[in-house]
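The next block holds one structure in the form of structure tokens; read it before the comments.
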Amino acid sequence: MLEHKVTMHVHLVTTGTSIVANALKKDISEDIKNTLIKAKLATPGSPEDLELKEHVSITSRVFNEVYTMVVKDPYTMSAELNSLKYFLENGLVDKVLLLSTDTGVGYFCSSIVKKYLSEKAGIDTEVKVVKGFGVVFEEGLMSLLDTACKLISEYKKAGHKVYVCATAGFKPETSFLIIAAFLLNVDSVYYIHENFREHVELPSIPLTVKAVYLNELKKIYEREKLHGFLPADEIEENVLKELSERRLVTIEDQKKVKLKKWIKILLPYIES
């Protein structure tokens, strides 16, 4: 007898710093307020930034006081939890993957969301710290796409429903995440509308890449793995011009064609 496979509802959620921002609006201890302010204004990787990461502990007053605020009013305190509210209330969340920025304040907020979802909602939750995300734009974008594509592909192949939450985090990176989500045929992309403060699902637009471009991109991809580049004279001039203008490739010395890093990450997941 075949074993029945359970389909899970898996949510990828980019996390921002709304919890810290909202905590600072509350009546909190002066020392805790100073710690949060320093971290919020800190340069990523600085001692002030790393200090808040050290507070991710059940013995930390800072962590416990902020977590208590979230427990009392989760959907006001956390943009991430507010985005998940509709799905939580309708039994459409089995697993949450929190994509955290590579900063102390990002990891702190992600850890609080994880604790709430695990303890109060009984949801299997993981924090994935995305290297460079929120620190260096290009590195963060590459890491975010790489992490998200691998996770989406893994859970889709296993037969699960995959949702992407686009409410929190940095908007340019989130825009690329949405494009990747549609290319990989996720089940839903959603966010909380800034003006109406309600859950909105984006239409699942079936994004595709023109066959002529996709074939050339894949040819460049394979040749780049072997020789480091594709000679420009092996691509039709008008196609190469289009790929370059769309910032999908770079052309070195007017003859060496290479894929942009973000395309190199996405390409293996794009179907012909």
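Below are the figures for this structure:
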{"read-out": "Within the chain, helix-based [θ] at 222 nm, where runs of 4 or more DSSP H residues each add -39,500 (n - 2.57), nearest 500", "value": "-15500 deg cm²/dmol"}
{"read-out": "By average C-beta atoms within 10 angstrom, highest first, the peptides 200-208, 249-257", "value": "249-257, 200-208"}
{"read-out": "Theoretical gain in end-to-end length, MET8 to ARG247 [0.36 nm per residue, Cα-Cα removed]", "value": "82.4 nm"}
{"read-out": "Geometric extent, Cα atoms of the chain - Rg, Dmax (angstrom)", "value": "21.1, 67"}
{"read-out": "Neighbour cut-off at most 10 other Cβ (10 Å), DSSP loop, GluC sites (Glu not before Pro), segment 1-99", "value": "GLU3"}
{"read-out": "Cβ-based net charge around ALA23, under 15 Å, with every Lys or Arg adding one and every Asp or Glu removing one", "value": "+2"}
{"read-out": "Those lysines that a straight Cα-Cα span of less than 26 Å connects to LYS120, excepting residues fewer than 8 apart in one chain", "value": "LYS25, LYS26, LYS33, LYS53, LYS72, LYS85, LYS95, LYS128, LYS161"}
{"read-out": "Label-point separation, LYS171 to VAL200 (7 Å along Cα→Cβ), nm", "value": "1.2"}
{"read-out": "Candidates ALA79, ALA232, ALA211: whichever shows maximal mean-square fluctuation once the chain is modelled as a Gaussian network with Cα springs under 10 Å", "value": "ALA211"}
{"read-out": "The chain: most fluctuating residue of LEU177, LEU84, LEU24 per GNM, C-alpha cutoff 10 Å", "value": "LEU24"}
{"read-out": "Degrees, to the nearest 10: 30-41 long Cα axis against longest axis of the chain", "value": "10"}
{"read-out": "Counted charge near VAL127, where neighbours are those whose Cβ lies closer than 13 Å (Asp, Glu -1; Lys, Arg +1)", "value": "+1"}
{"read-out": "Relative contact order of the chain, defined on C-alpha pairs under 8 angstrom at six or more residues apart (%)", "value": "18"}
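The numbers here are math on the coordinates, done by the rules we state, and not lab data. Computed from a predicted model, the values in this text were never measured in an experiment. In this analysis, Cβ positions are derived from the backbone assuming ideal geometry, glycine residues included, and neighbour counts consider all displayed protein chains.
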